[in-house]
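Participant: Below is one structure. I have some questions about it.
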Amino acid sequence: MPYKSSVPLFWRLKDAKYSLVGTKCITCNQVFFPPADFCPQCRRKGKIEKFQFSGNGEVVSYTVIRVAPEGFEKYVPYVVAIIQLDEGTRISGQIIGDINKVEIEKRVKSVFRRITEDNDQGLIHYGIKFEIVD
Amino acid sequence: MVIGIVGYGAYVPKYRITIDEIAKVWGQDAQALRKGLLVEEKSVPAMDEDTITISVEAARNALLRAGIDPIKIGALYIGSESHPYAVKSSGTIVAQALGLSTNLMVADFEFACKAGTAAMQCCYGLVKAGEIEYGLAIGADTSQGRPGDALEYTAGAGGAAYIIGKDPLAELEGTFSYTTDTTDFWRRDGEKYPSHGARFSGHPGYFTHVLSASKGLMKKLSLKVEDFDYVVLHMPNGKFPTNACKLLGFPLEKLETSLVVKRMGNCYSGSSPVGLSAVLDVAKPGNRILMTSYGSGAGSDSFSFLVTDKILERQNKAPTTENYISKKENIDYGNYVKFRGKLKL
C-alpha cells in the first residue's frame, strides 16, 4: 500500500492502516491483509467478512534500510520485515527501535506510529509498525 | 449513581535524556539543576511519535482495563498543547484507530497543561447528565522547550487516558476549578516554542491556582487532608508539587507515588493524568486520591477519587505506568536534537 498517497486513497485504507483490520473468508477461514474483497480459493462460494488482527506475530525475514526512499530519510537505518501474524497471514512492516535487536523468529507486537508525512503543509500518515517483544 | 474512572491507561515513550547531558551542552551546573528541579531525566518521543500516537497507545490500555465495547463510548476529548495539526482534530484519528463509533462527540482541548483534566470534567458531566454511557478523556503531549531554555531540562513526553462511566474502579466524588487571567507561560500561534515569565510561574501562577482549587474542592466535599491517602499535583518539575504538598498540609509520603516527573519530566497535559495512573496502579479499595492539575494562563482542576473494589480485577489488565517509565533507553544530546526535529535535513 503506498503511504505517500492522495487524500481519498489514504482515506479508503484507514481501517487497515490504523488498526490492522483485514478480511476473512468464513467459508474456508483464510485471512487476508491487505483486506481482500474476494476469496481466490472459494471464489463464488466464498463469504468475506471484516477481520481484526491482534497485531502479534513473529519475524520471518528482515532487511536493514540504509538508503531510504523519499519521506523516510530521517529514519535510517531502520528495519523492514516480513511478519507472520498469529492469525495466519504475512505482512511487511517497519520494526522500530535498535536494529541490532531484530532477529528471525523473534516475537513482535504492533504499535501505532507516524509512518511518514508529505511535507510541512501536507498530510501526516499514521499506521502500524512493529516492536520486538522482550 | 456512582460515576468515575472505569478504565485508565498510560503511555510514556522509551527514550530518556538526563539533566547532566543537557547541562553539558549549555555549560550549566547539572548538580544544581538536578537539586533545584528535583528531576533526573526526561522522556523523549521517537521521531515517529506525537500526541496522536501517544493517545492511541494510552487509550488502548484504558480499553483493556475497562473491558467495555469501544462502540459504547459516546465522547472523546483530547487535551494537549502539541496537537500535530493546527486544523484537523487529533480525536478523529484516535477514534478511528480505536474503532470507536461514528456517533461520537469529539473535540481537541487546549489549556496549557490542564487540558487533559478539563477533558475528564466534560466526560464526567456528560455521563452524569445521561447523555453518554462512557466518555474517553486523554491528556497527552510531546512538550516543547527552546534549546538552551530552562524548560528544555523538563519538557518530556507522555500521556494517560481515562474512560469515565458507571461501575467505576475509582468513583469521581467531585471536581472544582479555579481560573484567572494570569499569563505566566504562553505560545503565540505559529510559534514553535513557548515563552514564560520565569519565577512568575510559581507565584501567582502555579501555587495560587493549585492551592485554591485543592482547598476549594476539599471545602465543597467537606473533606480534610487526613481523608486522602494519595495526592497528585501537576508536575512542571519536582520542586513545585513538593512545596505545594507541604503548603496544603499533606505529608510528602502521600505525594511520592505520583511524582513521576523525577524520571520522565513534565509531559504537560499528560502530567497529572500520568501521576494519577501511577497511583491507580498501586491503589487499594477504599483509598481516596486528590488530583489537582495546573494549566498556565491560568487554571487548576481538582478532583477527588474514591477507589472501589473493581480496581483489583482491572489493575493488571494492561501495562503499568512503572512498566513504561522503567523500560527506557538513554540517548545523547545529538540524538535528542534529531528525534525532536530540531535538526532540519
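Participant: Check whether at least one residue in region A:41-58 is in contact with a Gly (Cβ under 9 Å, 6 or more places away or on another chain) and among the polar types (S, T, N, Q), and report yes or no.
Facilitator: yes
Participant: List the number of the failed condition for B:Lys114; all other conditions in (1) within 14 Å of chain A (Cβ to nearest Cβ); (2) open to solvent by less than 30 Å² (accessible area, probe 1.4 Å); (3) in contact (Cβ under 8 Å) with a residue 24 or more places away in the chain hold.
Facilitator: Result: B:Lys114 passes all but (1).
Participant: Residues that are on the phi < 0 side of the Ramachandran plot and touching a residue at least 40 places away in the same chain (Cβ under 8 Å), at least 1 per element: which strands (runs of 3 or more DSSP E) completely within region A:43-134 meet that?
Facilitator: Counting at least 1 such residues, we get A:57-65, A:78-85, A:90-95, A:107-117, A:124-132.
Participant: Quick check: is even one residue across region B:29-45 within 14 Å of another protein chain (Cβ to nearest Cβ), within 19 Å of the chain's Cα centre (by Cα) and either among the aliphatic types (A, V, I, L, M) or surrounded by fewer than 24 Cβ atoms within 10 Å (Cβ to Cβ) (or both)?
Facilitator: Within region B:29-45, one or more residues are within 14 Å of another protein chain (Cβ to nearest Cβ), within 19 Å of the chain's Cα centre (by Cα) and either among the aliphatic types (A, V, I, L, M) or surrounded by fewer than 24 Cβ atoms within 10 Å (Cβ to Cβ) (or both).
Participant: What number of residues in region B:307-345 are of a type in the set (A, V, I, L, M, F, W, C) and within 14 Å of chain A (Cβ to nearest Cβ)?
Facilitator: The number of residues fulfilling the criteria is 6.
Participant: Within region B:234-246, does at least one residue satisfy the condition of being surrounded by fewer than 24 Cβ atoms within 10 Å (Cβ to Cβ), without any contact (Cβ under 8 Å) to a residue 60 or more places away in the chain and in a loop (DSSP other than H, G, I, E, B)?
Facilitator: No - not one qualifying residue is present in region B:234-246.
Participant: Being surrounded by 17 or more Cβ atoms within 10 Å (Cβ to Cβ) and within 11 Å of chain B (Cβ to nearest Cβ) narrows it down to one residue among A:Lys129, A:Lys50, A:Lys74, A:Lys101; which is it?
Facilitator: A:Lys129
Participant: Determine whether B:Ser80 is of a type in the set (Ser, Thr, Tyr) and open to solvent by 20 Å² or more (accessible area, probe 1.4 Å).
Facilitator: Considered against the rule, which asks whether it is of a type in the set (Ser, Thr, Tyr) and open to solvent by 20 Å² or more (accessible area, probe 1.4 Å), B:Ser80 comes out as no.
Participant: Okay, moving on. Considering each residue of region A:1-30, count those that are away from chain B (no Cβ under 14 Å), modelled with pLDDT under 95 and over 14 Å from the mean Cα position of the chain (by Cα), and give that number.
Facilitator: 5
Participant: From the list B:Gly156, B:Gly190, which residue is under 19 Å from B:His83 (Cβ atoms), in contact with a helix residue (DSSP H, G or I) (Cβ under 9 Å, 6 or more places away or on another chain) and not hydroxyl-bearing (Ser, Thr, Tyr)?
Facilitator: B:Gly156
Participant: Looking at this structure, is B:Glu322 acidic (Asp, Glu), open to solvent by 10 Å² or more (accessible area, probe 1.4 Å) and over 18 Å from the mean Cα position of the chain (by Cα)?
Facilitator: no
Participant: Answer yes or no: is there a residue in region B:18-26 that is farther than 22 Å from B:Ala115 by Cα, within 11 Å of chain A (Cβ to nearest Cβ) and touching a Phe, Trp or Tyr at 6+ places or on another chain (Cβ under 9 Å).
Facilitator: Among the residues of region B:18-26, not one is farther than 22 Å from B:Ala115 by Cα, within 11 Å of chain A (Cβ to nearest Cβ) and touching a Phe, Trp or Tyr at 6+ places or on another chain (Cβ under 9 Å), which makes the answer no.
Participant: Taking the condition open to solvent by less than 10 Å² (accessible area, probe 1.4 Å), hydrophobic (A, V, I, L, M, F, W, C) and touching a strand residue (DSSP E or B) at 6+ places or on another chain (Cβ under 7 Å), does B:Leu104 pass?
Facilitator: no
Participant: Select from region B:47-56 the residues that are surrounded by fewer than 24 Cβ atoms within 10 Å (Cβ to Cβ) and in contact with a Gly (Cβ under 9 Å, 6 or more places away or on another chain) and list them in ascending order.
Facilitator: Result: B:Met47, single match.
Participant: Looking at (1) over 26 Å from B:Ile22 (Cα atoms); (2) within 14 Å of chain A (Cβ to nearest Cβ); (3) over 20 Å from the mean Cα position of the chain (by Cα), can you tell me which one B:Asn287 breaks?
Facilitator: (2)
Participant: With respect to the numbered conditions (1) within 13 Å of chain B (Cβ to nearest Cβ); (2) in contact with a strand residue (DSSP E or B) (Cβ under 9 Å, 6 or more places away or on another chain); (3) open to solvent by less than 30 Å² (accessible area, probe 1.4 Å), which one is the sole condition not fulfilled by A:Thr89?
Facilitator: (1)
Participant: Here's a check for you: in region B:289-310, which residue that is out of contact with any helix residue (DSSP H, G or I) (no Cβ under 7 Å at 6 or more places or on another chain) and of a type in the set (A, V, I, L, M) is least open to solvent (accessible area, probe 1.4 Å)?
Facilitator: Filtering first and then ranking leaves B:Val307.
Participant: Give B:Asp227, B:Asp181, B:Asp189 a once-over and let me know the one that is open to solvent by 20 Å² or more (accessible area, probe 1.4 Å), under 16 Å from B:Ala298 (Cβ atoms) and among the charged types (D, E, K, R).
Facilitator: Residue meeting the stated conditions: B:Asp181.
Participant: Related question: Residues that are under 26 Å from B:Asp50 (Cα atoms): find the helices (runs of 4 or more DSSP H) completely inside region B:287-345 holding 3 or more of those.
Facilitator: Filter on region B:287-345 gives B:321-326, B:333-339.
Participant: If you check A:Pro34 against the conditions, is it in a loop (DSSP other than H, G, I, E, B) and either modelled with pLDDT of 95 or more or away from chain B (no Cβ under 14 Å) (or both)?
Facilitator: Taking the combined requirement at face value, the residue satisfies it.
The values are calculated or read from the model by the stated rules, or taken from the named source; none is laboratory data. Everything numeric in this text was worked out from a predicted model, so none of it was measured. Note that each Cβ is placed from the backbone with ideal geometry, even for glycine, and that neighbours are counted across all protein chains shown. In case anyone asks, the SASA skips ligands and DNA or RNA and just uses the protein heavy atoms, side chains included. Shrake-Rupley method; radii C 1.70, N 1.55, O 1.52, S 1.80 Å.
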